[in-house]
Every structure is written in structure tokens, then in C-alpha cells.
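J.: Structure provided below as C-alpha cells; questions to follow.
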Amino acid sequence: MTLEHHDVLIVGAGLAGIGAACHLQRYAPGQTYAIVEARGASGGTWDLFRFPGVRSDSDMFTLGYGFRPWTSPKSMAGGGEILSYLRETAAAHGVDRHITYHRRVVGAEWSSADAQWTVTVEQAETGERSQRTCGFLYLCCGYYRQAGRRHRQRGHGGHAGPRPRAGGGPRDDAAAVTVVLPVASWN
Ligand SMILES: Cc1cc2nc3c(=O)[nH]c(=O)nc-3n(C[C@H](O)[C@H](O)[C@H](O)COP(=O)(O)OP(=O)(O)OC[C@H]3O[C@@H](n4cnc5c(N)ncnc54)[C@H](O)[C@@H]3O)c2cc1C
């Protein structure tokens, strides 16, 4: 069976993956590439984290891409603005057409004999697995687990309301903020 092959397979469609694809197109235009993204949307961090007030910690003139400088006078940008910037960059460079969503990379094996990676990709909804090959595997998957993480707060067991998540909620929804106050106990 012949597997789908790319010269470069990029894992993750966040800031790093979109940037990697743009650079690849510019500096190695003959190379074929694809991006596989575990979630259903691009943007990574800036799509996931939607708590009110989410913004960059550093100035966007530094965090933005050198090949597409940040032009807004607002240097500390909100999460929504950064997300738009990333998606506009992906669209402007045609990178968005290379992204396949709901595909999580779950394994990769290198073969020196064939000089290529065989990458196992899982379909998020069905769990169905398939394989593809590439010459260069570019891991742009960020540094934290994106799904299923809750804050661990000591003593919040008695809290009856919704428990907050840092990511995945509606953007700028004031209702997303839940304050859990510790109450002293003298038992
Ligand atoms: C509130 C906040 C503010 C921040 N501010 C700054 C700042 O000012 N400056 C700065 O330098 N950094 C900042 N960061 C860090 C920020 O995460 C990075 O700068 C940057 O956005 C990370 O981009 P990334 O593409 O490397 O990773 P991510 O944004 O995490 O994207 C990784 C992508 O890879 C996908 N993925 C992961 N594993 C797999 C897999 N196995 N298969 C397929 N896809 C996968 C994920 O779904 C995700 O879409 C901030 C982070 C937060 C949360």
C-alpha cells in the first residue's frame, strides 16, 4: 500500500506551525507539505484560551512574524486580535489550504533505510488511525496539553457552580469567570 507522502509534515496549526509553513513556502518552494491539527480550528493558544482579558505578555512587534510585521499601534494585543492576525496570515499565504483538522499525531517512526518518517495520525471523532510518510517531521505542537485540563484548586470540592477552565469557553463572556473564595474552618 502506498501511503500519502509529503516532503515536510507540520504538526500543529498554531503560531509556530503557520509560521513554519510560511517560511517553508518562501525558502523551499519546491517542497510539498501538509499540516495536521488535532483540534477543529487553527490558532492554537490563541483559539484555545478565551478567558476575559487574555492577551500577549510581550509586545506584538516582537511576537509577530518578521515577514508580516504587526501594524496595529496596540502592542499588547488581546487574544482575539492575535487569533485574527494568525488566521489572516495563514489565508494570505495560502497556508490554510494545507491544514487538515481533527487529526492528532499519535506516533512516528524513523526509517534510516528509507530516510523517512512513518507518522500515525488519529481521527479525533472516530479514533480511526491512518499513516502517512514524510522526509522531515516538524513538531509545532506547543508545550502544554490542550484538552481535558482543569485547574486543581484545593478545597473547591464543595463548590456547586461550574468549575472554571482556562481554555475552550466563549470569548469575553463575563459569565465564564467564577470566583471560588476559601472560607476559614475552625473544626
Ligand atoms: C495567555 C497567554 C499569553 C501568552 N503570551 C505570550 C507572549 O506574549 N509571548 C510569547 O512568546 N509567548 C506567549 N505565550 C505562549 C504562547 O503559547 C506561544 O507564544 C505561542 O502562541 C505558542 O505557539 P505554538 O504554535 O508553539 O503552540 P500552540 O499555540 O500551543 O499550538 C500548538 C498546536 O498544535 C496542536 N497539536 C498539539 N499536539 C498535537 C498532535 N499530537 N497532533 C496534532 N496537532 C497537535 C494543538 O492543537 C495546537 O493547535 C502566551 C501563552 C498564553 C496562554
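J.: Is one or more of the residues making up region 86-102 without any contact (Cβ under 8 Å) to a residue 12 or more places away in the chain, more than 17 Å from ARG145 (Cα to Cα), more than 12 Å from the ligand (Cβ to nearest atom) and acidic (Asp, Glu)?
T.: Looking through region 86-102, at least one residue is without any contact (Cβ under 8 Å) to a residue 12 or more places away in the chain, more than 17 Å from ARG145 (Cα to Cα), more than 12 Å from the ligand (Cβ to nearest atom) and acidic (Asp, Glu).
J.: Which residues, counting only those in region 126-143, are closer than 17 Å to SER42 by Cα and either of a type in the set (Asp, Glu) or free of Cβ contacts under 8 Å to residues at least 40 places away in the same chain (or both)? Quick ask: steps written out before the conclusion?
T.: Kept after step one, since they are closer than 17 Å to SER42 by Cα, are these residues of region 126-143: 138-143.
Residue satisfying the conditions is TYR143 alone.
J.: Then there's this: Here are some conditions: (1) within 12 Å of the ligand (Cβ to nearest atom); (2) of a type outside the set (Ser, Thr, Tyr); (3) outside any helix (DSSP H, G or I). GLY30 meets all but one. Which one does it not meet?
T.: (1)
J.: Something else about it: Could you tell me which numbered condition GLU122 fails, if it satisfies all but one of (1) modelled with pLDDT of 95 or more; (2) over 22 Å from ALA21 (Cα atoms); (3) of a type in the set (Asp, Glu)?
T.: (2)
J.: Here's another thing I want to ask about it. Checking VAL8 against (1) in a loop (DSSP other than H, G, I, E, B); (2) touching a strand residue (DSSP E or B) at 6+ places or on another chain (Cβ under 9 Å); (3) aliphatic (A, V, I, L, M), which single condition isn't satisfied?
T.: (1)
J.: Further question on the same structure: Name the residues in region 48-78 that are exposed (fewer than 11 other Cβ atoms within 10 Å of the Cβ) and part of a loop (DSSP other than H, G, I, E, B), would you?
T.: We begin by selecting, within region 48-78, every residue exposed (fewer than 11 other Cβ atoms within 10 Å of the Cβ); these are 53, 57-58, 62, 66, 69, 71, 73.
Residues satisfying the conditions are GLY53, ASP57, SER58, GLY66, PRO69, THR71, PRO73.
J.: Failed condition for ASP47, given (1) over 16 Å from ASP96 (Cα atoms); (2) under 16 Å from the mean Cα position of the chain (by Cα), with all others met?
T.: (1)
The values are calculated or read from the model by the stated rules, or taken from the named source; none is laboratory data. Computed from a prediction, not measured in an experiment: that's the story for all the values here. FYI the Cβ positions are ideal-geometry reconstructions off the backbone, even for glycines, and counts take in every protein chain you see.
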